Each structure stands twice: as structure tokens, then as C-alpha cells.
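See structure below.
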């Protein structure tokens with residue numbers, strides 16, 4: 001939970017750096033190329049800010065609703081696989097160097113369609129439902145084709 005909450009200060013630091021860069025370029029006559037770079041960075045930050053919010057919310061939901069039997073729930077395993085795919089797509093979108101990743105990244109997006117659970121677990125249905133809603137929001141953020 002603490003690590004998930006640390007995503008917010010990282011996001012805020014990125015926003016501050018972009019804002020500082022824009023201020024620095026405001027009087028620079030040769031700033032047109034850099035302005036375009038900052039605009040792309042701001043668009044990415046705007047696109048992934050909801051993912052940060054959802055990741056923190058999902059972590060909190062698991063923290064609050066955790067029971068030892070949850071690891072046996074196939075719905076939760078499917079959600080974990082979808083989150084793994086979403087992480088792949090985030091790395092791909094940011095153009096992270098696959099050589100620094102533990103495994104070679106596939107060039108194609110891995111999160112292709114929303115996960116559908118037909119019958120939720122009677123024991124964990126509230127947690128599974130919450131995770132599915134947050135996963136759906138992440139999927140919608142990543143599905144957007146803008147940079």
C-alpha cells in the first residue's frame with residue numbers, strides 16, 4: 001500500500017518538471033522543438049494519471065478485503081494477469097528499453113479486451129467487483145490511441 005501511494009508523489013514530480021520546463025522555455029526563441037516534446041510528455045502524464053489513481057485504489061481494496069483464501073479465486077488470478085498485461089502496455093507506451101526489463105517485451109499491446117467474469121465468487125464478490133471496475137478504467141485509459 002505504501003509503495004502504491006508513492007506513485008502519487010512521482011506523478012506530481014513529473015507534472016512539476018513539465019511545468020518548470022514550460023516556464024523555462026517561455027522566453028527561449030528556439031523553443032519550438034522542446035515545446036512539442038513537453039506537449040507529448042504532458043499528454044502522456046494526463047493519459048496515465050487515472051492509471052495511478054486506479055492502481056492506488058486497487059491496492060487499497062486488496063489491503064482492506066484480503067483473506068488468505070483469495071489466492072485460490074480464479075477471478076483474482078485473471079485480474080492479476082490483466083494487470084500484468086496492462087503493465088506491459090504502459091512500458092510499451094512509454095518506450096521503455098526492453099533490455100532493462102527482466103523479460104523481453106512483445107512489441108504488440110497485450111491488453112486487448114476487457115476481462116469478463118461470469119459468476120463472481122460468493123466469498124469475494126465485493127473485492128472482485130471493485131477490482132474489475134478499476135481494471136475496466138485502466139483498460140479504457142490504455143485503449144485510448146492518443147500519445
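Derivation of every value follows stated rules applied to the coordinates shown; laboratory data play no part. The shown structure was predicted, so the numbers you read here are calculated from the model rather than taken from an experiment.
Please report, in whole Å, how far the alpha carbons of the range 2-143 spread along each principal axis, starting with the longest.
Here the Cα extents, ordered largest to smallest, are 63, 31, 25 Å.
Give me log10 I(q)/I(0) at q = 0.17, 0.22, 0.27 Å⁻¹ for the range 1-73, Debye formula, one equal scatterer per alpha-carbon, no solvent.
Ignoring solvent entirely, the Cα scatterers give -0.72, -0.94, -1.15.
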